[in-house]
Structures are given as structure tokens and as C-alpha cells.
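Q: This is the structure, below, for whatever I ask next.
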Amino acid sequence: TLFFGVAGGILATHFKLGSVKIAMWAFSAAVAAVIAVVTLLGANNVLWSSGARCGLAIWHFSHLMWIEVPVLVILFMCCGLPIMYGVMGSREFIKIQELDQGLMKP
């Protein structure tokens, strides 16, 4: 379902018809909402269980998939992407400044 949601979002950018765009974005939003609800329910189940009740290996794997991976994805989206954007943008800015200074010198 994640693939179809992302594909719907990508397709929405290419259609010229407004109604098709709205339908594709609505589909992508619905997929994102379903994934969010499933993730929250899974996290809730893992947080209220223990390794002794369901087996240590299964509980640790579930904790990884329902708690740690979503937290890492959110941290990457909120912190990692802006930092990468800033670093790449500053490198490009410095490169352009050096080119401009090179053109200004006789």
C-alpha cells in the first residue's frame, strides 16, 4: 500500500486535470492515514506488552519495527533532511561566491 500511495502522489504532479490531481492526492492522503493508524496501533500493542508475555525475540523485533524505525524516520525527516539541505545549499552558495569573485578579479 505504501507503493501505491507514493505512486499516487507522483502521478498527481503530472496530471493537468484538477479533479484527477485532487483524487490522486486524496488517495495518497488516505494511504498515509491508514499507515499512520496501523503504526500507532502496532506501537500501542508493543508498548503494553512485555518480552515475557510474547517471547523476547518477537518482542524485540516488534519494538524495532513499531517504535524505533518510525522514530528514526521522523527524526530523519525533521532533522536530517533540513541539515542535508542546508549543507548542500551552503556548498553551492560558496561555490557561486567563489565563481563571482573569480570573475570580478582582473
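The values are calculated or read from the model by the stated rules, or taken from the named source; none is laboratory data. All figures in this text were calculated on a predicted structure; none of them were measured in a lab. Because the Cβ atoms are built from the backbone with ideal geometry, glycine has one as well, and the counts that use them run over all protein chains shown.
Q: Among the residues of segment 47-54, is there at least one that is out of contact with any helix residue (DSSP H, G or I) (no Cβ under 8 Å at 6 or more places or on another chain), outside any helix (DSSP H, G or I) and without any contact (Cβ under 8 Å) to a residue 40 or more places away in the chain?
A: yes
Q: What are the pairs, 6+ residues apart or on separate chains, where a residue within segment 59-80 that is of a type in the set (S, T, N, Q) has its Cβ under 6 Å from a residue that is at pLDDT below 90 and surrounded by 12 or more Cβ atoms within 10 Å (Cβ to Cβ)?
A: S62/V46
Q: Filter segment 2-27 down to the residues that are closer than 17 Å to V73 by Cβ and not aromatic (F, W, Y), then identify the one that is surrounded by the most Cβ atoms within 10 Å (Cβ to Cβ).
A: G5
Q: Return the residue satisfying two criteria in turn: it lies in segment 66-106 and is surrounded by 10 or more Cβ atoms within 10 Å (Cβ to Cβ) and of a type in the set (S, T, N, Q), and of such residues it is farthest from I35 (Cα to Cα).
A: Q97
Q: Here's a follow-up. Can you spot a residue in segment 79-90 that is under 20 Å from G5 (Cα atoms), hydrophobic (A, V, I, L, M, F, W, C) and part of a helix (DSSP H, G or I)?
A: Looking for residues that are under 20 Å from G5 (Cα atoms), hydrophobic (A, V, I, L, M, F, W, C) and part of a helix (DSSP H, G or I), one finds none in segment 79-90, hence no.
Q: Looking at this structure, is P106 in a helix (DSSP H, G or I), of a type outside the set (S, T, N, Q) and free of Cβ contacts under 8 Å to residues at least 40 places away in the same chain?
A: no
Q: Within segment 56-65, can one find any residue that is over 14 Å from the mean Cα position of the chain (by Cα), surrounded by 13 or more Cβ atoms within 10 Å (Cβ to Cβ), polar (S, T, N, Q) and assigned to a helix (DSSP H, G or I)?
A: The answer is yes, given that some residue of segment 56-65 is over 14 Å from the mean Cα position of the chain (by Cα), surrounded by 13 or more Cβ atoms within 10 Å (Cβ to Cβ), polar (S, T, N, Q) and assigned to a helix (DSSP H, G or I).
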